[in-house]
Amino acid sequence: GESVGLHLPTLSVQEGDNSIINCAYSNSASDYFIWYKQESGKGPQFIIDIRSNMDKRQGQRVTVLLNKTVKHLSLQIAATQPGDSAVYFCAENRGSSNDYKLSFGAGTTVTVRA
Amino acid sequence: ETGVTQTPRHLVMGMTNKKSLKCEQHLGHNAMYWYKQSAKKPLELMFVYSLEERVENNSVPSRFSPECPNSSHLFLHLHTLQPEDSALYLCASSQDSRGYEQYFGPGTRLTVT
């Protein structure tokens, strides 16, 4: 079964507010996590990644938090803009040298209200 | 632009047709991937190539046949598909085959009639 999942399939956010998208995983051996954004008609776009030896990583307007104790990953988007409307996926790599797989969650659809 | 291109962007084919999807990456990566994306489902990994060698075949039916002639090009040959094969087919590449930081193309929207 799926080892990566998102808490909510949809999220509606007021423009200018901060967004938090959550993801849970079950494999404690996972050592790499990544967030993608997919806009309508496009392929997934890399946003930010984090390795298991870190608990926080920041990018431009985005922050990823990793809580290994509860196997939880979140993506925070600051000052959400209309262009942030998309489906957001988390994915994990299980840390095996023979495992090429990123396991993806089903995605959270973020809608930004003007 | 992610540096990964796919053609065609849209394809409609009958169940008896043979067609091919093409992917090209301009990133100098050594690994390439095919994924299937169906509505309301997570991305499903189909095939992985590392340095032109297939390293993963994720229980994909034989009506899908991949080909990787070099590290920049990846094809997915399709024949006698079923309507349930209709989906978005995504190509991705990464620096190596450990699966980290994959960059995706825009996908081919396939409809099987």
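Residues of the stretch B:69-113 that are facing chain A (nearest Cβ under 8 Å) and over 25 Å from B:Lys40 (Cα atoms): B:Ser97, B:Arg98.
Taking B:Leu74, is it over 15 Å from B:Gln25 (Cα atoms) and at pLDDT 95 or above? The answer is no for B:Leu74. Only a single criterion out of (1) more than 8 Å from chain B (Cβ to nearest Cβ); (2) part of a loop (DSSP other than H, G, I, E, B) is not satisfied by A:Leu73, namely (2). Just wondering, is there one or more residues in the stretch B:38-61 that are surrounded by fewer than 16 Cβ atoms within 10 Å (Cβ to Cβ), out of contact with any strand residue (DSSP E or B) (no Cβ under 9 Å at 6 or more places or on another chain) and at pLDDT 90 or above? Yes, some residue in the stretch B:38-61 is surrounded by fewer than 16 Cβ atoms within 10 Å (Cβ to Cβ), out of contact with any strand residue (DSSP E or B) (no Cβ under 9 Å at 6 or more places or on another chain) and at pLDDT 90 or above. Counting only strands (runs of 3 or more DSSP E) that sit completely within the stretch B:1-106, those holding 1 or more residues that are touching a helix residue (DSSP H, G or I) at 6+ places or on another chain (Cβ under 9 Å) correspond to B:31-37, B:64-70, B:73-79.
The values are calculated or read from the model by the stated rules, or taken from the named source; none is laboratory data. Everything numeric here is computed off the predicted structure, so don't read it as measured data. Glycine gets a Cβ as well: all are built from the backbone with ideal geometry, and neighbour counts include every protein chain shown.
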